[in-house]
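FYI, it's all coordinate maths here, none of it is from the lab. Please read all numbers here as calculations on a predicted model, not as lab measurements. Counting neighbours? That spans all protein chains shown, and the Cβs are built from the backbone with ideal geometry, glycine included.
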Amino acid sequence: MEASMKKNITNKILMVRPAFFTFNEQTAVNNHYQKLDSKPAQKIQNEAMIEFDKMVEKLKKIGIDVKVMQDTKEPHTPDSIFPNNWFSTHYSNTIVLYPMFAENRRLERTDNLYDYFDKADSLNVIDYSNLEKKNIFLEGTGALVLDRKNKKAYCSLSERADEKLLDIFCEDVGYKKIAFHSYQTVDEIRKPIYHTNVMMAMGENYAILCADSIDNPEERENVIRELENDGKEIVYINEYQVEHFLGNTIELINNENVKICVMSTTAYSVVTPEQKNIIEKYDVIVPVDVHTIEKYGGGSARCMIAELFI
């Protein structure tokens, strides 16, 4: 069980600086936010690295403790810039390692990670990665949107989020499961959303939610009820805003105990005044420009940040 926590938001994060960020064909089969064009791969990498470095600089400047792990060119891991999918950390000095859908994403796992923990010698490691051999996947805080304060795990079930493993995770860390199915319209067809964290984000006092993507009325009402029962103010977003990554935000806290909502400039460009007012009741919004990473990687600001609670 995860110990009682004083803090549910962290000041300390890990980000992975890309060595060769590119469009990943293995993930594009069910990540419909990725886009491919004729831009040379090296140019994509160069632009992504500039965006990454500027984001790190901006977060450090506002008082976030950013640990940067440099990726290596070999083995080639085109999505290493999204570390939140393969591990999560918890205040009980626990790290969870997750099974990944794409074979080249499994190569992202590295023991170098332990160099960035304060108490690496006394870790409780929960390792689900062997389940990849059985084609069972649960891709970290991409698949899981965690309400650490109320110990709830929201999960949109998909090829990358297995319900039986979700049950095991919830039992292992002491969370309540809130499972549902969410969809997006692709070429006029409703297709599963690959990761929960593109249509939902969790703040301490609010939640961002694309309720319209949850087609089943009972599932939709259950998610809303769980959030409202915990006193969360819900920022409702639409599918257009999901496509612009407004669901892919993350709440952090700086070294002066000011809560920060990190979102991309793409997301910030579509937020309405009413939505902005709700978020800014609780957080300072910090936009970061990661448009290249969004276009070719299909992930945004939240995906790039792995929270460190140990």
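Structure notes:
- The stretch 132-197 shape via C-alpha gyration tensor axes, a/c threshold 1.5: oblate
- Contour excess over end-to-end distance, with Cα ends at Asn257 and Asn135 and 0.36 nm allotted per residue: 39.8 nm
- For the chain: relative contact order, % (alpha-carbon pairs under 8 angstrom, 6 or more apart): 24
- For the chain, the fraction of alpha-carbon pairs in successive 10 Å shells from zero, as %: 6, 30, 40, 22, 3, 0
- Sparse packing (at most 11 other Cβ atoms within 10 Å of the Cβ) combined with a DSSP loop state is found for the following GluC sites (Glu not before Pro) in the stretch 141-212: Glu188.
- Overall form of the stretch 213-310 per C-alpha gyration tensor (a/c, 1.5; a/b vs b/c): oblate
- Taking 15 Å as the straight-line reach from the Cα of Lys134, the aspartates and glutamates in range (excluding those fewer than 8 positions away in the same chain) are Glu103, Glu159, Asp162, Glu163.
- ³J(HN,Hα), Karplus 6.51/-1.76/1.60, whole Hz, each residue of the stretch 42-49, x for Gly, Pro: 5, 5, 4, 4, 4, 5, 5, 5
- For the stretch 157-254, taking the reciprocal of the average inverse distance between every pair of different Cα atoms yields a Kirkwood hydrodynamic radius of 14.2 Å.
- This ranking places Thr266, Thr185, Thr249 by how few other beta-carbon atoms lie within 10 Å of each, fewest first, which gives Thr185, Thr266, Thr249.
- Neighbour counts of C-beta atoms inside 10 Å place Tyr240, Tyr128 in the sequence Tyr240, Tyr128, starting with the fewest.
- C-alpha center-to-center spacing [the stretch 159-212, the stretch 246-310] in angstrom: 18
- Simple Cβ-charge dipole of the chain, Lys/Arg +1 and Asp/Glu -1, about Cα centre, in debye nearest 20: 540
- Antiparallel bridges, percent of DSSP beta bridges restricted to the chain (to nearest 5): 50
- Exposure proxy shown here: for Leu14, Leu107, the number of other Cβ atoms within 10 Å sets the order, fewest to most, as Leu107, Leu14.
- Among Glu243, Glu74, Glu103, the largest mean-square fluctuation in a Gaussian network model of the chain, built with springs joining Cα atoms closer than 10 Å, belongs to Glu74.
- Cross-link table Lys67/Lys177; Lys54/Lys276; Lys43/Lys152; Lys133/Lys295; Lys61/Lys133; Lys119/Lys281, entries beyond 32 Å C-alpha to C-alpha: Lys43/Lys152; Lys61/Lys133; Lys119/Lys281
- Mean-square fluctuations from a GNM of the chain, with a 10 angstrom spring cutoff on Cα atoms, peak among Glu47, Glu256, Glu233 at Glu256.
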